[in-house]
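**Q** Input: one structure, supplied below.
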Amino acid sequence: MEMATTAFVFPGQGSQGVGMGRTLAEAYPAAKETFDEADDILGFRLSELCFEGPEDKLSLTEYTQPALYTAGIAAFRSVQELLGDNCIPAYTAGHSLGEFTALTAAGSLSFEDGLRLVQRRGELMRDAGAGSPGGMAAILGLEIEQISKICATCEAETGGTVVVANDNCPGQVVIAGDDATLERAIEEATAQGARRAIRLAVSIACHTPLMAKAQAEFDKALHETVFTVPAACIVGNTQAKSLPEVEDIRAELSAQLTSAVRWTDSVRFMLANGITDFVELGSKNVLTGLLKRIDRQASGHVVDSPEGVEALINA
């Protein structure tokens with residue numbers, strides 16, 4: 001695989017699952033050391049939670065975020081263990097929480113600092129969700145422009161909040177907001193011909209103004225975290241363009257808390273800049289599935305197991 005035309009991408013919440021990272025930790029010392037390091041930094045057995053569950057605890061945002069971050073770096077280091085200095089792609093990017101994993105893989109953020117930061121992010125988002133309850137829903141079969149208009153109409157009707165949270169791929173958009181306004185938007189999307197409009201198993205309204213209560217404390221944590229200029233180009237979620245400087249990275253991570261994830265545009269940006277191969281590292285294959293709906297010509301590789309590592313190395 002030619003690294004000059006390769007991007008490493010990292011998943012966000014929704015990709016977690018009991019057993020994540022276990023086979024990699026059993027097969028590669030670098031992966032095991034990553035989970036051991038996470039256990040020591042956090043002061044609890046994150047590895048046990050990832051490998052054995054329970055699923056309901058793993059799905060709580062304050063645990064999901066450090067778990068996905070650690071699994072992503074474990075997968076990256078497994079590949080790095082075999083490729084060595086050749087393990088530097090042209091681009092890295094991550095969906096929501098995965099953006100932090102991408103920054104660490106690109107050398108912009110140390111593993112320990114990144115882990116502490118995503119743990120804090122998860123705690124703050126949990127607390128913001130408790131103060132401003134809400135949820136998320138996937139809308140399938142409508143274009144983003146129509147969905148944005150539906151959200152604006154429903155906000156005007158209720159005086160509440162519902163916005164586009166994730167533009168995942170053509171025909172798959174996630175909206176989020178307070179419960180009443182979200183339900184109204186689901187009804188309207190269905191009435192306007194959505195193929196499906198379903199609530200997700202998420203108890204907070206990620207990437208919406210309802211997360212604003214977490215902003216000040218999260219910005220403080222960002223300010224206290226050391227970032228460096230990345231070795232690979234980072235593509236940010238909120239503007240779907242590269243983040244060349246440390247100031248750009250901090251501004252992106254701050255904005256991402258309450259702004260939409262523009263994943264479709266982020267992938268198209270990388271495609272327009274010569275990327276032909278996308279390697280998804282961490283847990284499951286969600287981003288690889290989205291890739292095929294953005295550009296059928298792009299090549300996707302999933303690395304969440306020893307088989308995935310070997311297939312990538314031999315590609």
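**Q** Would you mind listing the helices (runs of 4 or more DSSP H) fully within the stretch 89-162 where at least 2 residues are touching an Asp or Glu at 6+ places or on another chain (Cβ under 6 Å) and not aliphatic (A, V, I, L, M)?
**A** It comes to 111-131.
**Q** Follow-up question, since we're still on this one. Looking at Asp85 and the list (1) assigned to a helix (DSSP H, G or I); (2) within 18 Å of Ala251 (Cα to Cα), which single condition is not satisfied?
**A** (2)
**Q** Please work out if Ile249 is in the same structural domain as His223 (by TED's automatic domain parsing) and surrounded by 23 or more Cβ atoms within 10 Å (Cβ to Cβ).
**A** yes
**Q** Take the conditions polar (S, T, N, Q), part of a helix (DSSP H, G or I) and touching a Cys at 6+ places or on another chain (Cβ under 7 Å) and apply them to Thr264. Does it pass?
**A** So Thr264 fits the description; yes.
**Q** Tell me, which residue of the stretch 46-82 that is in a loop (DSSP other than H, G, I, E, B) and surrounded by fewer than 18 Cβ atoms within 10 Å (Cβ to Cβ) is modelled with the lowest pLDDT? Break it down stepwise before answering.
**A** The first filter runs over the stretch 46-82 and keeps only residues in a loop (DSSP other than H, G, I, E, B), leaving 53-54, 59-60.
Those still in the list that are surrounded by fewer than 18 Cβ atoms within 10 Å (Cβ to Cβ) too: 53-54, 60.
On the way: Gly53: 97, Pro54: 98, Leu60: 94.
Of everything passing the filter in the stretch 46-82, Leu60 is modelled with the lowest pLDDT.
**Q** When you look at Lys220, is it in the same structural domain as Phe269 (by TED's automatic domain parsing), over 19 Å from Ser266 (Cα atoms) and surrounded by fewer than 16 Cβ atoms within 10 Å (Cβ to Cβ), yes or no?
**A** yes
**Q** What about Ser283, is it buried (at least 24 other Cβ atoms within 10 Å of the Cβ) and not in a loop (DSSP other than H, G, I, E, B)?
**A** Judged against the criteria, Ser283 is not a match.
**Q** Okay, moving on. Please count how many residues of the stretch 197-240 are polar (S, T, N, Q), free of Cβ contacts under 8 Å to residues at least 40 places away in the same chain and over 25 Å from Glu143 (Cβ atoms). Before the answer, list the steps.
**A** Initial filter on the stretch 197-240 (polar (S, T, N, Q)): 203, 208, 215, 225, 228, 237-239.
Narrowing the set further to residues that are free of Cβ contacts under 8 Å to residues at least 40 places away in the same chain leaves 238-239.
The next check asks that each one be over 25 Å from Glu143 (Cβ atoms); those that pass are none.
Within the stretch 197-240, residues that are polar (S, T, N, Q), free of Cβ contacts under 8 Å to residues at least 40 places away in the same chain and over 25 Å from Glu143 (Cβ atoms) number 0.
The values are calculated or read from the model by the stated rules, or taken from the named source; none is laboratory data. Note that the structure is a prediction, hence the values are computed from the model and not measured. Because the Cβ atoms are built from the backbone with ideal geometry, glycine has one as well, and the counts that use them run over all protein chains shown.
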